[in-house]
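The values are calculated or read from the model by the stated rules, or taken from the named source; none is laboratory data. Note that this is a predicted model, so its numbers are computed, not measured. Glycine gets a Cβ as well: all are built from the backbone with ideal geometry, and neighbour counts include every protein chain shown.
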Amino acid sequence: MTIKEALASARDQLALPFIERPRLEAEILLQELLKKERSWLHAHDETLLSDEESQNYQSLLKRRLQGEPIEYILERASFYSRDFYVASGVLIPRPETEILIDWASSLIASHPICRVAEVGIGSGIISSTLALLHPHLTFEASDISPRALEVARENLKRMGAESRITLHLGSLLEPLEGEFDLLLSNPPYIAQNTPLPKPLNFEPSEALFGGERGSELLEELIKEAQKRSIPYMIAEMGYDQRGAIERFMERIPHQELRFYQDLAGLDRGFIVRFDSSLDSLRP
Ligand code: GLN
């Protein structure tokens with residue numbers, strides 16, 4: 001079978017409702033297999049695939065047809081213009097999390113923030129990206145999943161951020177010692193029993209479900225940040241959790257609470273300023 005024929009057949013197989021661009025994915029998977037550029041495929045589309053190549057291509061297509069996200073098949077995903085390693089066992093980076101980076105970056109650039117804690121580091125995209133954007137920061141990060149920490153370690157290595165981000169196995173802020181200027185998190189925040197679209201079934205449920213209501217871990221983190229006198233916190237949340245967070249914050253002493261929106265205009269995260277210690281300083 002030629003490359004041209006293989007791509008045409010793959011495109012037809014991939015023409016399913018959950019695959020938006022079957023032809024593009026057919027090409028991406030073949031590129032991955034042959035380790036060639038897309039332009040090479042087009043220029044050599046009369047080239048014959050060996051039996052082994054055809055078989056391997058079919059097995060990649062089969063995984064995709066079963067609903068496995070293409071990022072797991074390729075073992076990479078793009079986030080904030082960088083390619084990160086991803087593998088099953090960690091959440092695939094979402095475009096909305098880039099907005100968390102923008103807010104965090106702006107806060108860091110204009111406030112005295114040096115030591116950062118990240119809870120639920122997953123593949124490491126948030127801390128690594130901020131480490132590269134702000135060379136003065138150091139991070140301590142936790143995750144309850146040993147697999148996630150392995151993936152994060154690989155990404156820290158790839159991004160050259162190993163010496164600045166320390167990884168800890170454990171829950172929430174428990175394993176993170178010392179003082180912090182900022183707490184970051186994209187914790188699991190989907191309510192238990194929410195039916196998920198098929199591709200999400202491939203992602204780790206421990207990275208998605210945050211409890212019966214979904215906002216439990218966010219609330220736990222807010223409480224911890226306040227208790228440990230971390231002056232700032234930024235977290236991603238579900239589009240319908242603003243009310244829950246606002247109500248919860250009524251019981252927590254803080255200075256400011258601000259919500260930010262995703263590209264669809266939905267509430268997607270919040271920033272809290274707990275600390276008033278600088279405001280009350282007198283010479
Ligand atoms: N934004 C993810 C989704 O809707 C959920 C991520 C999370 O729970 N932190 O698929």
Region 2-20 residues that are within 14 Å of ASP45 (Cα to Cα), paired with ones that are acidic (Asp, Glu) and not in a loop (DSSP other than H, G, I, E, B) (beta carbon under 7 Å, 6 or more apart)
LEU7/GLU27
Within the group ALA104, ALA131, ALA161, which residue is at negative phi, part of a loop (DSSP other than H, G, I, E, B), over 14 Å from the mean Cα position of the chain (by Cα) and modelled with pLDDT of 95 or more?
ALA161
Examine region 134-142 for a residue that is part of a strand (DSSP E or B), within 13 Å of the ligand (Cβ to nearest atom), surrounded by 14 or more Cβ atoms within 10 Å (Cβ to Cβ) and modelled with pLDDT of 95 or more, and state whether such a residue exists.
no
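Residue-wise test of (1) out of contact with any strand residue (DSSP E or B) (no Cβ under 9 Å at 6 or more places or on another chain); (2) within 22 Å of LYS227 (Cα to Cα); (3) in contact (Cβ under 8 Å) with a residue 40 or more places away in the chain.
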{"site": "LEU91", "(1), (2), (3)": "yes, no, yes"}
{"site": "GLU118", "(1), (2), (3)": "no, yes, yes"}
{"site": "GLY124", "(1), (2), (3)": "no, no, yes"}
{"site": "LEU130", "(1), (2), (3)": "no, no, yes"}
{"site": "ALA141", "(1), (2), (3)": "no, yes, no"}
{"site": "ARG147", "(1), (2), (3)": "yes, no, yes"}
{"site": "ILE165", "(1), (2), (3)": "no, no, yes"}
{"site": "GLU174", "(1), (2), (3)": "no, yes, no"}
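Give me the residue from region 178-218 that is of a type in the set (Phe, Trp, Tyr) and within 12 Å of the ligand (Cβ to nearest atom) and, out of that set, surrounded by the fewest Cβ atoms within 10 Å (Cβ to Cβ). I'd like the intermediate steps shown before the answer.
Taking region 178-218 first, the residues of a type in the set (Phe, Trp, Tyr) are 180, 189, 202, 209.
Those still in the list that are within 12 Å of the ligand (Cβ to nearest atom) too: 189, 202, 209.
On the way: TYR189: 23, PHE202: 16, PHE209: 19.
So, considering only residues that are of a type in the set (Phe, Trp, Tyr) and within 12 Å of the ligand (Cβ to nearest atom), the one surrounded by the fewest Cβ atoms within 10 Å (Cβ to Cβ) is PHE202.
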Within region 233-254, considering residues that are surrounded by fewer than 21 Cβ atoms within 10 Å (Cβ to Cβ) and within 16 Å of the ligand (Cβ to nearest atom), the one farthest from ARG94 (Cα to Cα)
ALA244
Quickly run through region 255-278 and pick out the residues that are within 14 Å of LEU182 (Cα to Cα) and either within 19 Å of the chain's Cα centre (by Cα) or within 16 Å of the ligand (Cβ to nearest atom) (or both).
PHE270, ILE271
Scanning for something at pLDDT 95 or above, among the small types (Gly, Ala, Ser) and surrounded by 17 or more Cβ atoms within 10 Å (Cβ to Cβ), does region 40-52 turn up at least one residue?
no
Residue satisfying condition, being touching a Leu at 6+ places or on another chain (Cβ under 6 Å) and modelled with pLDDT of 95 or more, within set GLU256, GLU236, GLU250, GLU179
GLU236
Scan of region 76-101 for residues that are part of a loop (DSSP other than H, G, I, E, B) and either crowded, with 19+ Cβ neighbours inside 10 Å or within 16 Å of the ligand (Cβ to nearest atom) (or both), ordered by number:
TYR80, VAL86, SER88, GLY89, VAL90, LEU91, ILE92, PRO93, ARG94, PRO95, GLU96
Can you tell me which of (1) farther than 30 Å from ILE73 by Cβ; (2) of a type in the set (S, T, N, Q); (3) touching a Phe, Trp or Tyr at 6+ places or on another chain (Cβ under 6 Å) is the one GLN255 doesn't meet?
(3)
Looking only at region 116-125, decide whether some residue is in a helix (DSSP H, G or I) and within 16 Å of the ligand (Cβ to nearest atom).
yes
Residue hits (region 41-75; within 30 Å of ARG94 (Cα to Cα), touching a residue at least 40 places away in the same chain (Cβ under 8 Å) and assigned to a helix (DSSP H, G or I)) are TYR57, LEU61, ARG64, LEU65, ILE70, TYR72, ILE73, LEU74
Return the only residue of LEU257, LEU221, LEU263 being out of contact with any helix residue (DSSP H, G or I) (no Cβ under 7 Å at 6 or more places or on another chain) and not in a loop (DSSP other than H, G, I, E, B).
LEU221
